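Below is one structure, written out as structure tokens, with a few remarks after it.
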Amino acid sequence: MSNLSMTLPQRIALAAFFIPVVTIGLSYALTVAGGHEPLCIPYIEGCATITATGIYYPAAYILRAGIAMSAVVFILWWYCVRLWLESVRQAELVAWFHTVVWVATIGSVLIIASMVVLGENLLPSRDHRFLWRFHATTAGLFFLANSICQIMMTVRMRQLRRQMNIAFSHIVVKEVLALLQLLFLTVLIGMTIVGYEFEGMVAFFEWWLATLSSLFYLSAWWDWRDFRLTRLEQSA
Amino acid sequence: MSFGQSIALISFILSMGTIAVTYGVATAQQTAAICNPFIDGCTDITHTGMKGDAGFIFRGGMIAACAFFVVWWVNMRVWLTRYAGKIALNSMQFFGTLSALGLLVGTAVLIPEKDATRWAVHVKGANLFFQGMLVALTINYVLILKARNKGLSVPSFRMKTALMAILWFMFVAFAGVTVGIEMSQGKRIIEWWATLFIGLYFLSSYWDWQDIKLVHTSS
């Protein structure tokens, strides 16, 4: 399929993957180049949080702009998925779709709020405790809401697989991504409750959850070939 | 409400709402002067969105609005596809998207400390927004005019005509909407009005895009 024939929802699915992944990668590279964070594999070593890549300029400009833009794309993705699933015309599910999409939208707004406070204005951290707490709370709520909504949506997509004509392999990919998110979230919450912590724990989970949720957004690309923005002819 | 109408509405409410809330918070926190900036030109939009909580609101709201502007141009392209050539549509969408990205970059570099702000980037980004937007909207208006003559229903045509006339009058009479670090009172007034009129142009498509929808055509 050529780029020219790509539907708008497909472009949204692509953007929801590439914008955050490229943004985080670029801001991390700039932060490392500036000598503010070590060069490592954060997925394994947990050596730098995503937040840490958005403190020093110019990396902070990129993280702020890229993630705020990503959040809008996430909102559009949820709007698309709602309209897509509503096309099965099961009236009893409409309220459910609306609720999940609203929760995911609020989560996306929270990540914008979380990102705009980042920058060198947060240094030294002891003088800006409120803003740091605000950032940590809003970012945490985003990850929680986003992952839970994706997990719930996977369950519903499986139920509607036949009506929606979703390929079995596409559902399996979504289920794997949703299960991994569930696993990471459960372990993180469990460890927090029992008070167990290892070095780089937050960074480790943050990078994995961000990547898994981006991959989940991308997975809709294969489902949305026949889901397009179009101008319907009005009846006379 | 159709997808197209939602995008038109959000593009207006988010951009204008962000500026209004930013100004309200800035005046409440005394980082901007209290006045009617559309008449008095006591401050420019940029300086209301730099310091304090107003800065956070401005950066978050305007960057998000820029993303919606990009989608607004996609909608406009779909709406005009059957009535305009590919080159004209590509040009329109290119300048529209470029101007939105200019504003996005110009907004992202704003920080509370005026001396440390990368003004060159901000000024270029903001000017790219205003000049690029005028080019994109002009192409858009001409395409709509031609499409209307071919039978396209354009409920907002009078509103769009009035807005284009005003924007061009401002451009010719005041040598364009040019943003700088320190702007004259007149330039500041023009900036506020031009921003409002561009926002209204985005909103005007709400009445045109009732049939711009996302449709699942099962194969």
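The values are calculated or read from the model by the stated rules, or taken from the named source; none is laboratory data. Quick caveat: nothing in here was measured; it's all calculated off a predicted structure. As a convention, Cβ positions derive from the backbone with ideal geometry for all residues, glycine included, and neighbour counts pool all protein chains shown.
Conditions tested, residue by residue: (1) away from every other protein chain (no Cβ under 14 Å); (2) over 18 Å from the mean Cα position of the chain (by Cα).
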residue	(1), (2)
A:Asp127	no, yes
A:Phe130	no, yes
A:Ala139	no, no
A:Met153	yes, no
A:Arg158	yes, yes
A:Leu177	yes, no
A:Val202	yes, no
Subject >> Residues located in segment B:49-63, provided they are modelled with pLDDT of 90 or more, under 19 Å from B:Lys124 (Cα atoms) and not charged (D, E, K, R) >> reply: B:Phe58, B:Met62, B:Ile63
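Conditions (1) buried (at least 17 other Cβ atoms within 10 Å of the Cβ); (2) among the acidic types (Asp, Glu); (3) closer than 27 Å to A:Gly54 by Cα, marked per residue:
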| residue | (1), (2), (3) |
| --- | --- |
| A:Cys149 | yes, no, yes |
| A:Met152 | no, no, no |
| A:Lys174 | yes, no, no |
| A:Leu180 | yes, no, yes |
| A:Trp207 | yes, no, yes |
| A:Ser213 | yes, no, yes |
| A:Arg228 | yes, no, no |
| A:Arg231 | yes, no, no |
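Any idea how many residues of segment A:104-122 are away from chain B (no Cβ under 12 Å) and either crowded, with 17+ Cβ neighbours inside 10 Å or outside any helix (DSSP H, G or I) (or both)? Talk me through it step by step, then tell me what you get.
Within segment A:104-122, the subset away from chain B (no Cβ under 12 Å) is A:104, A:106-107.
Then keep just the ones that are either crowded, with 17+ Cβ neighbours inside 10 Å or outside any helix (DSSP H, G or I) (or both); that gives A:104, A:107.
The total comes to 2.
How many residues, within segment A:35-81, are assigned to a helix (DSSP H, G or I), crowded, with 21+ Cβ neighbours inside 10 Å and within 13 Å of another protein chain (Cβ to nearest Cβ)?
From segment A:35-81, those assigned to a helix (DSSP H, G or I) are A:42-45, A:51-54, A:59-81; that's our starting set.
Those left that are additionally crowded, with 21+ Cβ neighbours inside 10 Å: A:42, A:53-54, A:59-78, A:80-81.
Retained after the next criterion (residues that are within 13 Å of another protein chain (Cβ to nearest Cβ)): A:54, A:59-78, A:80-81.
Matching residues across segment A:35-81 total 23.
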Original post:
Taking into account only those residues within segment A:52-87 that are β-branched (Val, Ile, Thr) and under 15 Å from the mean Cα position of the chain (by Cα), which is nearest to A:Trp208 (Cα to Cα)?
Top reply: A:Ile67
Subject >> Every pair of residues 6+ apart whose Cβ atoms lie under 6 Å, when the first sits in segment A:91-111 and is under 24 Å from A:Thr137 (Cα atoms) while the second is aliphatic (A, V, I, L, M) >> reply: A:Val100/A:Met152; A:Val103/A:Ala145; A:Thr105/A:Ile75; A:Gly107/A:Ala145; A:Ser108/A:Ala71; A:Ser108/A:Ile75; A:Leu110/A:Leu141; A:Ile111/A:Ala71
Original post:
Taking B:Ala147, is it part of a helix (DSSP H, G or I), over 27 Å from A:Ile55 (Cα atoms) and of a type in the set (A, V, I, L, M, F, W, C)?
Top reply: yes
